[in-house]
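The structure under discussion appears below in the form of structure tokens.
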């Protein structure tokens, strides 16, 4: 399938097999067409998971999600692993959560951007950054990560 996708100029093949199938990911990475990045890791939550993926040479780009991998500290630890292995890092979704930490992660390639995540961030958080000309910049005039929870707006979703 990767070869067929390459004919359509697909350059990003995310989780083509389960993220814990390191042999399968490694095989795909070895055989994928030139210019097609094999990416995985967005469901990782501990440093050992990311280390095993990198040690198995399973991906061209490692993905991490600050909301799953032990927060900002965990994300920066994953970024450090990527630096060690000379591989880029992709932040998985939640752009408002990744904007500040992404600026400090040297191997960061990009932040995945999904409309539904952005919609929810704007609905529930004041200060969510907006993309301008394809770039996301954190608001440095706001404290911390720049976000303030809209408690009153969130109450209607309480279970």
Does region 83-104 include one or more residues that are assigned to a helix (DSSP H, G or I), closer than 14 Å to residue 41 by Cβ and modelled with pLDDT of 95 or more? yes
Considering only residues that are buried (at least 16 other Cβ atoms within 10 Å of the Cβ) and either modelled with pLDDT under 95 or farther than 17 Å from residue 57 by Cβ (or both), which ones fall in region 18-27? 19
Which of the numbered conditions does residue 135 fail, given that it passes all the others? Conditions: (1) surrounded by fewer than 19 Cβ atoms within 10 Å (Cβ to Cβ); (2) at negative phi; (3) in contact (Cβ under 8 Å) with a residue 12 or more places away in the chain. (3)
Mind checking which residues of region 111-136 are farther than 16 Å from residue 67 by Cα, assigned to a loop (DSSP other than H, G, I, E, B) and out of contact with any strand residue (DSSP E or B) (no Cβ under 9 Å at 6 or more places or on another chain)? 133, 134
Kindly indicate the residue of region 59-75 that is part of a loop (DSSP other than H, G, I, E, B) and touching a strand residue (DSSP E or B) at 6+ places or on another chain (Cβ under 9 Å) and also surrounded by the most Cβ atoms within 10 Å (Cβ to Cβ) among those meeting that condition. 59
Condition check for residue 40: crowded, with 20+ Cβ neighbours inside 10 Å and without any contact (Cβ under 8 Å) to a residue 40 or more places away in the chain: yes
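The values are calculated or read from the model by the stated rules, or taken from the named source; none is laboratory data. Predicted model, so just to flag it, every value in this text is computed and none were measured. Positions of Cβ are generated from backbone atoms using ideal geometry, with glycine treated the same way; all protein chains shown enter the neighbour counts.
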